[in-house]
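Structure first, then comments.
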Amino acid sequence: MSEPKYPNSVLFQQLERFFSPAADWESCEMPMSTPEFFEKIHEVLPGYFEDSERIREILEAAHYQYAFNENNKKYYWLVNPPILNPSY
């Protein structure tokens, strides 16, 4: 297997520019199914991730929650828009 194009630290930084992990359903603003989330990641970060398995590894390492929705019996990634630092 070849070396990844980008180290994990770079991928974490890039993900945080667009998505912030939510701790639970109550604090989640934009839950996304795996296909939706991975498609969005490839859209906003073209060329950063070689494959979906690498995305999953990074999300799990960065503590993004993958939670079950009791209402529709499906799993979702619990994400929020990025936390923007205030300008001073």
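Considering every residue within segment 21-29, establish whether at least one is among the polar types (S, T, N, Q) and modelled with pLDDT under 90.
At the first step, the residues of segment 21-29 found to be among the polar types (S, T, N, Q) are 27.
Keeping just the survivors that are modelled with pLDDT under 90 gives none.
Within segment 21-29 (the criterion being among the polar types (S, T, N, Q) and modelled with pLDDT under 90), the answer is no, since none of the residues qualifies.
Could you give me the residue pairs with C-beta distances under 9 Å whose first residue belongs to segment 1-20 and is of a type in the set (Asp, Glu), whose second residue is open to solvent by less than 70 Å² (accessible area, probe 1.4 Å) wherever it lies, and which are 6+ apart or on separate chains?
Going by the 9 Å Cβ cut-off, the qualifying pairs are 16/62; 16/82.
Mind listing just one residue for me: the one in segment 46-88 that is out of contact with any strand residue (DSSP E or B) (no Cβ under 7 Å at 6 or more places or on another chain), at pLDDT below 90 and hydrophobic (A, V, I, L, M, F, W, C) and, of those, farthest from residue 15 (Cα to Cα)?
Checking each candidate, the answer is 84.
Return the residues of segment 47-76 that are within 14 Å of residue 37 (Cα to Cα), outside any strand (DSSP E or B) and either touching a helix residue (DSSP H, G or I) at 6+ places or on another chain (Cβ under 6 Å) or open to solvent by less than 60 Å² (accessible area, probe 1.4 Å) (or both); say none if nothing qualifies.
Residues satisfying the conditions are 49, 52, 54, 55, 58, 59, 64.
Quick one: in segment 1-30, which of the residues that are closer than 18 Å to residue 76 by Cβ and hydroxyl-bearing (Ser, Thr, Tyr) is surrounded by the fewest Cβ atoms within 10 Å (Cβ to Cβ)?
Pass one, segment 1-30, residues closer than 18 Å to residue 76 by Cβ: 15, 18-30.
Among the residues that remain, those that are also hydroxyl-bearing (Ser, Thr, Tyr) are: 20, 27.
On the way: 20: 18, 27: 12.
So the residue we want is 27.
Within segment 31-45, count every residue that is closer than 17 Å to residue 12 by Cα, open to solvent by 30 Å² or more (accessible area, probe 1.4 Å) and of a type outside the set (Asp, Glu).
3
Residues of segment 7-46 being aromatic (Phe, Trp, Tyr) and either over 12 Å from the mean Cα position of the chain (by Cα) or part of a helix (DSSP H, G or I) (or both), which ones?
Taking segment 7-46 and keeping what is aromatic (Phe, Trp, Tyr), we get 12, 18-19, 25, 37-38.
12, 18, 25, 37, 38, listed by residue number.
For segment 11-38, enumerate the residues that are among the hydrophobic types (A, V, I, L, M, F, W, C) and within 16 Å of residue 82 (Cβ to Cβ).
11, 12, 15, 18, 19, 22, 23, 28, 30, 32, 37
The values are calculated or read from the model by the stated rules, or taken from the named source; none is laboratory data. These numbers were taken from a predicted model, which means no experiment stands behind them. Glycine gets a Cβ as well: all are built from the backbone with ideal geometry, and neighbour counts include every protein chain shown. All accessible areas refer to the heavy atoms of the entire protein, side chains included, with ligands and DNA or RNA removed. Shrake-Rupley method; radii C 1.70, N 1.55, O 1.52, S 1.80 Å.
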